[in-house]
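J.: Handing you a structure now.
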Amino acid sequence: AATGAPRRLTILGSTGSIGKSTIDLVSRNRDRYRVVALTANANAEALAAQARDLGAEVAVVADPKAYGALKAALAGSGIEAAAGPEAVVEAAARPADWTMAAIVGAAGLAPTLAAVAQGRTVALANKECLVCAGDLFMREVKRHGTTLLPVDSEHNAIFQVFDFDRPERIDHLILTASGGPFRDWSREAMALATPEQAVAHPNWSMGAKISVDSASMFNKGLEFIEAYHLFGLPGDRIRILVHPQSVIHSAVAYVDGSVLAQLGSPDMRTPIAFCLAWPDRMNAPVPRLDLAAQARLDFRDPDPERFPALRIVREALARGGVAPTAMNAANEVAVAAFLGRQIGFLDIPAVVETTMNAVMAGPLGNQAVSALEAVLAVDAEARRLAAGHAERLAAA
Ligand code: NAD
Ligand code: MG
């Protein structure tokens, strides 16, 4: 309802790209929201400025080394300061009506699960939660009766046109992909790609990790597993389609031949606004889609030769268990090694695949994704193996 008490709202990862876009929308509607907690990794100054501006109850940095700077920046404000990964989880557990989960990577799993355990509403941007622990995560969502709203633009699009009352009438999902900055590059050119080239996305402005994932198409791969968990369709009924303009954000194909899609300008404030206002709608200050000006929309199948990530993620989902957990962790390590100029761009899928296979063949490979501890153990083992592999490549 538009009237009544303001909604209590928490933003996990408030200093990031999604976090800032969320704050942009919240700032335009201040009377409607009360901010409970804001969290960041280490950028104490930016976090403190956001917390002061929005009058948050508590601000938390995951990195304990940033505690002093946070405390100093919040002096005299009356805003609580805390630090460390456990403090981020505690902040996520503070009663809030709505939580934006926008931490990047598996680091967001424990805090996001703490938000889910409140049984209220979680807007999920942090797709790695569903990749590394999908079964566990969705079980917790059901157990707590939590409303889970997808922020990822593709899943948000599918959510808007998915007939939840008649899922058996859905034939398949169409997950669109921009193709990223290397959409038309040869493998030879990709082998020499620099971090600067990889993070220069043609359509979207995003954090560094997801930008590299977009270039390798691991992002679409992670989204493929995300869609599997959110919408319950098997992998062979989720089609990935390259659509360079990013206007059709994704679509649902029904048994009668109808295909329902959601369209819009490529601006994350649309899906974020959808989640903030759901089930209502709110005004979002985004460029309006003008189809006449757009004039054309293109589509093509992705190229599995140049983008091995798409084969690797399908394999990970088919193997099941902790294969996606290992794959996700290895990808995080490989992306960081690429951004640190330790390994080349095409080494990313190589590190991911080798690591996934090694973890699955090892002592942790046979587990189910049922407990957080098991997931974190596999995540840690995959990180160790992937880091070793990256170091060997860097030395070679
Ligand atoms: P970002 O790098 O811009 O921001 C990440 C946020 O997480 C920052 O606030 C950072 O301080 C915090 N963080 C990083 N490491 C942390 C740690 N170890 N512990 C606690 N906090 C930590 O990333 P982003 O682009 O905003 O993406 C966030 C998530 O949303 C990712 O999972 C990404 O895949 C997803 N997503 C992003 C976009 C986008 O347009 N940016 C679109 C769809 C989905
Ligand atoms: Mg997306």
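All of the numbers you see were taken from the coordinates with simple rules; none came from a lab. Remember, predicted model here, so these are calculated numbers, not experimental data. All Cβ positions, glycine included, derive from the backbone under ideal geometry; neighbour counts span all protein chains shown.
J.: Between Asp97 and Asp303, how many nm apart are label points set 7 Å from Cα along the C-beta direction?
T.: Rounded to a tenth, the inter-label distance reads 5.0 nm.
J.: Now a separate question. What is the log10 of I(q)/I(0) for the range 253-356, computed with the Debye formula using one identical point scatterer on each Cα and no solvent, at q = 0.11, 0.12 Å⁻¹?
T.: At q = 0.11, 0.12 Å⁻¹ the computed log10 ratios are -0.65, -0.75.
J.: Could you give the longest part of the chain that holds none of the trypsin sites (Lys or Arg not before Pro) found in DSSP loops with at most 10 neighbouring Cβ atoms within 10 Å?
T.: No qualifying site falls inside 1-280, the longest such stretch.
J.: I've got another one for you. What is the total of Lys pairs in the chain with C-alpha atoms under 28 Å apart, excluding same-chain pairs fewer than 8 positions apart?
T.: 12
J.: Which whole number in µm²/s is D for the range 160-239 by Stokes-Einstein, with the Kirkwood Rh taken over Cα pairs at 25 °C and 0.890 mPa s?
T.: Rounded, D is 173 µm²/s.
J.: Measure out, as a whole number of angstrom, how far apart the alpha-carbon centroids of the range 337-396 and the range 179-222 sit.
T.: 20 Å
J.: For a Förster distance of 41 Å, can you work out the FRET efficiency between the beta-carbons of Ala394 and Ala295, rounded to the nearest 0.05?
T.: For R0 = 41 Å, the calculated efficiency reads 0.35.
J.: Dividing the Cα radius of gyration by the Kirkwood radius, what Rg/Rh value follows for the range 320-396?
T.: That ratio equals 0.99.
J.: Counting pairs of alpha carbon atoms under 8 Å apart in space and at least six apart in sequence, what relative contact order in percent does the chain give?
T.: Once divided by the residue count of the chain, the mean separation gives 14 percent.
J.: If you don't mind, another one. Can you tell me the Rg and Dmax of the range 152-307, counting just the alpha carbons, in angstroms?
T.: That works out to 15.9, 49 Å for Rg and Dmax.
J.: Can I ask one more? Could you check how many percent of all C-alpha pairs in the range 7-151 are farther apart than 23 Å?
T.: 27 percent
J.: What is the dipole size for the range 16-158, taken about its Cα centre, with +1 at each Lys and Arg Cβ and -1 at each Asp and Glu Cβ, in debye to the nearest 20?
T.: Dipole size: approximately 260 debye.
J.: Specify which residue in the list Asn203, Leu54, Phe164 is farthest towards the positive end of the charge dipole of the chain, using unit charges on the beta carbon of Lys, Arg (+1) and Asp, Glu (-1), about the Cα centre.
T.: Of the listed residues, the answer is Leu54.
J.: Bin all alpha-carbon pair distances of the chain at 20 Å intervals from 0 and give each bin's fraction as a whole percent.
T.: Reading the bins upward from 0: 28, 60, 12, 0.
J.: For the chain, what is the charge dipole size about the Cα centre, in debye to the nearest 20, if Lys and Arg each add +1 at the Cβ and Asp and Glu each add -1 at the Cβ?
T.: 600 debye
J.: Please compute the modelled spin-label separation between Asp24 and Ala371, points set 7 Å along Cα→Cβ, answer in nm with one decimal.
T.: 4.4 nm
J.: Another question about this same structure. If you count the DSSP beta bridges with both ends in the chain, what percent of them are antiparallel, to the nearest 5?
T.: For the chain, the DSSP antiparallel bridge percentage is about 25.
J.: Okay, next question. What does the helix-only formula give at 222 nm for the chain: each DSSP H stretch with n ≥ 4 adding -39500 (n - 2.57), the total divided by the residues, and the result rounded to the nearest 500 deg cm²/dmol?
T.: Dividing the helical sum by the residues of the chain leaves -14000 deg cm²/dmol.
J.: Further question on the same structure: Using the basic label-point model (7 angstrom from Cα toward the beta carbon), what is the Asn283 to Glu168 distance in nanometres?
T.: In this crude label model, Asn283 to Glu168 measures out at 4.5 nm.
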